[in-house]
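The values are calculated or read from the model by the stated rules, or taken from the named source; none is laboratory data. Being a predicted model, the structure only gives us computed values, none of them experimental. Note that we place each Cβ from the backbone using ideal geometry, even for glycine, and neighbour counts take in every protein chain shown. Note: areas computed on protein heavy atoms with side chains; ligands, DNA, RNA excluded. Shrake-Rupley method; radii C 1.70, N 1.55, O 1.52, S 1.80 Å.
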Amino acid sequence: IDYLQKQLQPPRLTWDSWTTVPIGHFAFNWQILVIMMLSLAVDDIHLAGVVLRFFGLWPSAQALLAAGEAVFLASLTVALNISFKNEKAVHLFRATECLFIQWTAKNIKWLQSSQLNNSDCIDFVPNCFDAIMALKGVGRKVAIMVMKICFNQDVGVAVDRHVYRMAIQFGWACPAMTDDQVSIYIDRFFHPQDFQYVNLAWAGCGQVLHRQ
């Protein structure tokens, strides 16, 4: 995250017909949500490069939504130079759209009375685990990591495909269980205050640990 913050430059924004709400310098929580969703489709070793190319094209939620879903889907795979499943791309776009619309609806009176400009930062990802989980295409791993990185809240153990396979191999879970079911089950092994350490090791190094 520190590396990406240094590499990404605050976006140049323009007012457009899609909305009159500017999203300015580092809508950090939205970017973290995007990074976590991209991580579901990209190997760890390629993720940093893919993220930089993504935010080079769509530096803000406003830029992404202004491009439109059709243009976004058509250009995503070519622009990022990866094989990206169309379903995951649709989920990423619509999650952004859903959160943006919800936030705008709740804050419409404030927006109408405020003097916003292109340097203002409005971050619309809610500080609510259930609200993030309600987004199509977002599972427990993404929601848990967003809550930790964005809001410093440890709400569970993030289980990705590598941790899932280790859990099956070690007999912690059965193959019939989904990733989210394994995550809920493994939560019982640890005290909530230890979630942060487990996630640091497993979510951060799961691929390496699984290979070893």
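Numbers below:
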{"item": "Largest to smallest accessible area among TYR185, TYR197, TYR164 [probe 1.4 Å]", "result": "TYR197, TYR185, TYR164"}
{"item": "Net charge of Cβ neighbours under 9 Å - reference ARG94; Lys, Arg +1; Asp, Glu -1", "result": "-1"}
{"item": "Heavy-atom accessible area order for HIS91, HIS162, HIS191, largest first, 1.4 Å probe", "result": "HIS191, HIS91, HIS162"}
{"item": "Kirkwood Rh in Å, taken over all unlike Cα pairs in the stretch 54-104", "result": "11.2 Å"}
{"item": "Rounded to whole Hz, the Karplus (6.51, -1.76, 1.60) HN-Hα couplings of the stretch 90-100, x for glycine and proline", "result": "4, 4, 4, 5, 6, 5, 4, 4, 4, 5, 5"}
